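Read the structure below first, then the notes.
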Amino acid sequence: MNEFSFHQIKIFFQDQLIQNSDLSIREAAIEFNQILQFIFKIDYAKLLSKDSKVSKRKFQQIERIINLRIKGTPLAYIFKEWDFYGRKFFLNKSCLIPRPDTELMIDILKKELTKQKIKSLLDLGSGSGVIGITAKLEISSIDKLVLTDISKWCLKVIKKNLFFHNLTADIYLSDWFKYLPEQKFDIIVSNPPYISKNDHHLKHLSFEPRRALIASNQGLSDIETILKNGVNFLKDNGELFIEHGFNQKQNVQEIFKRYNYKDVVSFKDLTGNYRITKGVRK
């Protein structure tokens, strides 16, 4: 048989996902719909309405993705792209997968900076660049955007995402501030590694780069490095926003205060956990 109906492959592949992975029936259905949309570049509902058949070649493409998922590979790394704040971003295995939790950073920036005409923003440890690029797309006053990462493979993805979204930015290969030329910013944002090496959540993140996840000192060492040096790269009353673990609010606030930031405040995500903290340079 050279063609298959959508109904046939849906039953066949969803059963494989359910039987050979930790996905529930609902999760398997959602992922299979995402796979179809990726393969056919069309909304799943429109696929069904067309009552189309699936060719043998497309069947094999779906089969390959299903086999990778059964081995645990996240869809984002299979697709080499993922959505963030309603936009498509490219990525590779050197970059963390963009998550809804991090979209909170954009919501906060938009709300906090509505009345300010911020001109410059540094996204430190940018990964695929989703925070900095989205911030510039959402906040029209941002004129100067600077993105950094320690991975040259992430910088390649950043360039691709900038081109895709028709933006320009200064890009630096840097270990936090180490190789960043002296300059001052209105805003610094960062989603650094903040997970302790013994954290049980790591078992669910086995395909993502350890360097972007794990920090020493109970996950706080990179946060401290950023806050310690960040004051030298902020304008007077410039603001630094940092993402952190759900149980790190108190420690992160103490680090902000240790390095003489003022107006330190933390923000909750939709589940009620404090996930982002802001401090202002005196």
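Quick note: the coordinates plus some simple rules give every number you see, no bench work behind them. Not measured: the values here are computed from a predicted model. Here Cβ is always computed from backbone atoms with ideal geometry, including for glycine, and neighbour counts include all displayed protein chains.
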**Asked** Counting pairs of alpha carbon atoms under 8 Å apart in space and at least six apart in sequence, what relative contact order in percent does the stretch 140-282 give?
**Response** 20 percent
**Request:** Give me the net charge of Arg275's neighbourhood, meaning all other residues with Cβ under 10 Å from the Cβ of Arg275; Lys, Arg count +1, Asp, Glu -1.
**Result:** -1
**Asked** Add -39500 (n - 2.57) for each DSSP H run of 4 or more in the chain, then divide by its residues: what number comes out at 222 nm, to the nearest 500 deg cm²/dmol?
**Response** -12500 deg cm²/dmol
**Fill in**
Surrounding charge for Glu138, neighbours by C-beta under 12 angstrom, Lys/Arg +1, Asp/Glu -1, total +2
**Prompt:** In the chain, what percentage of the DSSP-assigned beta bridges are antiparallel, given to the nearest 5?
**Reply:** 50 percent
**Request:** Pop out the Kirkwood hydrodynamic radius of the stretch 33-135 from its pairwise C-alpha distances, inverse of mean 1/r, in Å to one decimal.
**Result:** 16.1 Å
**Request:** Return one quarter of the surface area of the convex hull spanned by the alpha-carbon atoms of the stretch 210-258, equal to its mean projected area, in nm².
**Result:** 3.8 nm²
**Asked** Which value, in debye to the nearest 20, describes the size of the charge dipole of the chain about its Cα centre when Lys and Arg Cβ atoms bear +1, Asp and Glu Cβ atoms bear -1, and nothing else is charged?
**Response** 480 debye
**Prompt:** Shape call for the stretch 130-240 from the C-alpha gyration tensor, a ≥ b ≥ c root eigenvalues: rounded (a/c under 1.5), prolate (a/b greater than b/c) or oblate?
**Reply:** oblate
**Prompt:** Do any of Lys80/Lys228; Lys80/Lys235; Lys41/Lys144; Lys117/Lys278; Lys152/Lys203 go past 28 Å between their Cα atoms, and which?
**Reply:** Lys80/Lys228; Lys80/Lys235; Lys41/Lys144
**Message:** With a 10 Å cut-off between alpha carbons and a GNM built on the chain, which of Lys58, Lys184, Lys80 moves the most?
**Reply:** Lys58
